[in-house]
Amino acid sequence: MTVKVDFGMFDWIDRGSGSTAELYESRLKLIELADQAGFYGYHLAEHHSTPLGMAPSPSVFFATLAERTRQIRFSPMAYLLPLYHPLRLVEEICMLDHLSGGRVEVGISRGVSPYEIQSFNVSPEKTREIFDETLEIYCKAMCEPVIEHVGKHYQFHDVPMELEPLQRPYPPLWYPSFTESGTTFAAKNGFNFMSIGPPALMAQLMDLYRDVAKEYKGDRMQGHITEPKLGAQRQIFLAKTDEEALAIAKPAYADWYNSITRLWHRRGNHTYDEFFDWNKCLEAETVLIGSVEKVRDQIHQVIEMSNVNYFVGSFAWGTLSPEDSRKSLELFISEIMPSMQR
């Protein structure tokens, strides 16, 4: 390894086979294990009107998570800024920052699914301008005692910001993307960055991030973060043999695939069918299924090709049982993490 690699966990909290309460509890127990193992962060996707997102309010879940863990940092990946009133969002994040002892981080996005955005009566065509204005207000509200703002979507006059974040000037910001434009946006602003894709694409995007970041080194929104995290995300399932892992993971993935495409299919849209296809994802190594030896080699490859400093695994998805997810994570902790920390 050419860089020190930290580890994280990514999660959708998609609908499984048990009750919703059981789903939340099983995830909390899995995150407790990651916390004890020294994981840097836990990242929760925000989704609405779909079985992919059974925790559509990340802040609510994080309030419980803050009580159940001691070290692991946590962030939405990401808050869909066009769906939030900016001042209310700032207040919630400040509360979480204090409740967790300064462990909150903040992923931001416009949102990928136009159907989820439309559910909130927001036009997908306006998400970029709303995102930009909300982000501008967010940074002001985190740093200034009184807010003045006149914009297209929000106007504030003489609004006191009595609640400040624990982390100054504000908790670290993240931007997830798998496009060149998204990567460039993250790099210009010095945001922590997470992406998914085949190893070659990951290498390309991370090189782009580093090149753009050098150009904007003295003029970044998040200039207080000197070494942003550059993360590669993968769905993972480990077992004693490749055959055992595939036998358990394939039907579980089919359920997850149904969840991630459900809302799109409801609208007759099949744009992402191939992107999440089981065989294509195995071939592209965005889904890593198999023995410790096989998956360890795949992880080493993506880290070495892209030179990322953060590796993020998804260990619970679809109809994987809590026991199967836990066993897979335990193998990752005991057999894979040590090989990357030398």
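Annotations for the structure displayed:
- Scanning region 3-23 for residues that are surrounded by 15 or more Cβ atoms within 10 Å (Cβ to Cβ) and not aliphatic (A, V, I, L, M) returns D6, F7, G8, F10, D11, W12, D14, R15, G16.
- Hey, M206 of a type in the set (A, V, I, L, M), within 21 Å of G313 (Cα to Cα) and part of a strand (DSSP E or B) or not: no
- Flag if V312 is aliphatic (A, V, I, L, M), crowded, with 17+ Cβ neighbours inside 10 Å and out of contact with any helix residue (DSSP H, G or I) (no Cβ under 6 Å at 6 or more places or on another chain): yes
- Set S17, S49, S59, S26: member being over 18 Å from L329 (Cβ atoms) and in a helix (DSSP H, G or I): S59
- Scanning region 99-125 for residues that are in a loop (DSSP other than H, G, I, E, B) and of a type in the set (G, A, S) gives S100, G101, G102, G111, S113, S123.
- Residues of region 244-257 that are surrounded by 15 or more Cβ atoms within 10 Å (Cβ to Cβ), within 13 Å of R15 (Cα to Cα) and over 20 Å from the mean Cα position of the chain (by Cα): A252, D255.
- A single entry from G107, G111 fulfils the requirement of being within 25 Å of E25 (Cβ to Cβ), surrounded by 19 or more Cβ atoms within 10 Å (Cβ to Cβ) and under 18 Å from the mean Cα position of the chain (by Cα): G107.
- Whenever a residue of region 144-171 is in contact (Cβ under 8 Å) with a residue 12 or more places away in the chain and within 11 Å of L87 (Cβ to Cβ), it has no partner that is acidic (D, E) and part of a loop (DSSP other than H, G, I, E, B) lying with C-beta atoms less than 6 angstrom away and at least six residues away or across chains.
- Residue within region 61-82 that is in contact with a His (Cβ under 6 Å, 6 or more places away or on another chain), within 22 Å of W256 (Cβ to Cβ) and surrounded by 22 or more Cβ atoms within 10 Å (Cβ to Cβ) present: yes
- For region 257-299, the tally of residues that are of a type in the set (S, T, Y) and more than 22 Å from M202 (Cα to Cα) stands at 4.
- P169 being in contact with a Cys (Cβ under 9 Å, 6 or more places away or on another chain) and in a loop (DSSP other than H, G, I, E, B): yes
- Where a residue in region 277-302 is of a type in the set (G, A, S) and its partner, wherever it lies, is surrounded by 18 or more Cβ atoms within 10 Å (Cβ to Cβ) and outside any loop (DSSP other than H, G, I, E, B), with Cβ under 6 Å and at least six apart: G290/A245
- Among the residues listed as L263, L320, L288, L331, the single one being closer than 30 Å to E25 by Cα, in contact with a Leu (Cβ under 6 Å, 6 or more places away or on another chain) and of a type outside the set (F, W, Y): L331
- Just one of the numbered conditions (1) in contact (Cβ under 8 Å) with a residue 60 or more places away in the chain; (2) surrounded by 13 or more Cβ atoms within 10 Å (Cβ to Cβ) is not true of T184: (1).
- Any hit, region 239-250, residues being assigned to a helix (DSSP H, G or I) and polar (S, T, N, Q): no
Only the coordinates and a few stated rules stand behind these numbers; no lab work does. All values reported here derive from a predicted model rather than from experimental measurement. Virtual Cβ from ideal backbone geometry, glycine too; neighbours counted across all protein chains shown.
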